[in-house]
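So the structure is just underneath, and the comments pick up after that.
The values are calculated or read from the model by the stated rules, or taken from the named source; none is laboratory data. Being a predicted model, the structure only gives us computed values, none of them experimental. All Cβ positions, even for glycine, are placed from backbone atoms using ideal geometry, and neighbour counts span all protein chains on display.
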Amino acid sequence: MSRQPAVTPPPLPRPTLIDWLFLLTGCGASLLLSTLPSPRPEPAGAAFDSVWLGRLATTLPALMHLPEGVILLGPFFYLGQRLLGRAPGITTGEWLWIFAWPGVALVNGLAAWRLAIDSGATALPDFLAPHAVYLFYWPAMVWYVLLVPSLAVVALLVGLFGMFGRTPPWTHSLGVVLVVWPVVPLAGILALVHAGLLVAPKPL
């Protein structure tokens with residue numbers, strides 16, 4: 001009985017020029033999102049006049065927003081790979097990217113709404129006014145302080161076990177990095193708050 005030759009799977013799509021453009025577009029969108037009103041730490045007490053602490057209080061939250069524009073463009077990355085003939089389904093790292101998408105869209109959508117209210121472009125309905133803190137403070141705090149670190153732990157485990165399997169699409173590793181990255185500046189913020197150099201974010 002003759003043996004059938006092994007079927008070589010088609011090569012996975014590599015990043016294209018369009019992918020790199022989307023990546024830079026996402027980073028640019030992240031810079032824009034980082035300017036939206038959101039809960040931010042401030043220098044505390046005697047450290048209030050420190051130039052470096054003032055910059056850290058601004059830079060660390062901006063660094064937390066760095067992956068968000070890319071996360072929001074996730075559907076375009078996947079669609080581009082499908083158009084190039086990608087056969088494998090969605091990987092675990094890409095699922096984490098998908099799970100992060102609604103959270104990123106929600107907190108930034110609420111921040112954009114708050115900016116529109118502050119600028120006078122729209123007004124908060126009267127029945128929502130007593131609950132503004134639940135709209136513009138707690139969703140962001142729950143997302144960044146609880147859900148983002150939880151996703152990052154899962155992403156680290158996925159990345160660790162992924163080193164021993166088949167080579168996944170490049171967006172798998174990108175998804176893992178996008179989910180893990182915000183924990184780094186978050187850890188810096190929490191460390192400075194614990195040291196009494198920064199004050200924890202307060203409701204807007």
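Structure notes:
- Criterion applied to P185, P203, P169 was being touching a helix residue (DSSP H, G or I) at 6+ places or on another chain (Cβ under 7 Å) and under 22 Å from Y78 (Cα atoms), and the one residue passing it is P169.
- A100 being under 18 Å from L146 (Cβ atoms) and either without any contact (Cβ under 8 Å) to a residue 60 or more places away in the chain or assigned to a helix (DSSP H, G or I) (or both): yes
- Where L106 falls short, out of the listed (1) in contact with a Pro (Cβ under 8 Å, 6 or more places away or on another chain); (2) surrounded by fewer than 19 Cβ atoms within 10 Å (Cβ to Cβ); (3) in contact (Cβ under 8 Å) with a residue 60 or more places away in the chain; (4) not hydroxyl-bearing (S, T, Y): (3)
- Yes/no for T91 being modelled with pLDDT under 90, β-branched (V, I, T) and over 13 Å from L174 (Cβ atoms): no
- Subset of region 114-159 (residues that are β-branched (V, I, T), out of contact with any Gly (no Cβ under 8 Å at 6 or more places or on another chain) and either farther than 23 Å from L63 by Cβ or in contact (Cβ under 8 Å) with a residue 12 or more places away in the chain (or both)): I117, T122, V133, V145, V154
- Within region 128-162, considering residues that are over 17 Å from H172 (Cβ atoms) and of a type in the set (G, A, S), the one surrounded by the most Cβ atoms within 10 Å (Cβ to Cβ): A140
- Number of residues in region 189-203 that are surrounded by fewer than 17 Cβ atoms within 10 Å (Cβ to Cβ) and in contact (Cβ under 8 Å) with a residue 60 or more places away in the chain: the value is 5.
- First in region 80-92 and within 25 Å of L160 (Cβ to Cβ), second anywhere and among the hydrophobic types (A, V, I, L, M, F, W, C), Cβ under 6 Å, 6 or more apart: T92/V158
- Residues that are within 15 Å of A140 (Cβ to Cβ), in a helix (DSSP H, G or I) and among the aliphatic types (A, V, I, L, M) occur at least once in region 62-75.
- Qualifying residue in region 181-201 (condition: in a loop (DSSP other than H, G, I, E, B), of a type in the set (F, W, Y) and more than 14 Å from the chain's Cα centre (by Cα)): no
- Tally of residues being under 14 Å from the mean Cα position of the chain (by Cα) and of a type in the set (K, R) across region 137-168: 0
Each row is one residue, and each column tells you yes or no for (1) in a helix (DSSP H, G or I); (2) in contact with a His (Cβ under 9 Å, 6 or more places away or on another chain); (3) hydroxyl-bearing (S, T, Y); (4) crowded, with 19+ Cβ neighbours inside 10 Å.
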| site | (1), (2), (3), (4) |
| --- | --- |
| T25 | yes, no, yes, no |
| L31 | yes, yes, no, no |
| P37 | no, no, no, no |
| G54 | yes, no, no, no |
| F77 | yes, no, no, yes |
| A87 | no, no, no, no |
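- The number of residues in region 125-141 being outside any helix (DSSP H, G or I) and either touching a His at 6+ places or on another chain (Cβ under 9 Å) or more than 20 Å from A105 (Cβ to Cβ) (or both) comes to 1.
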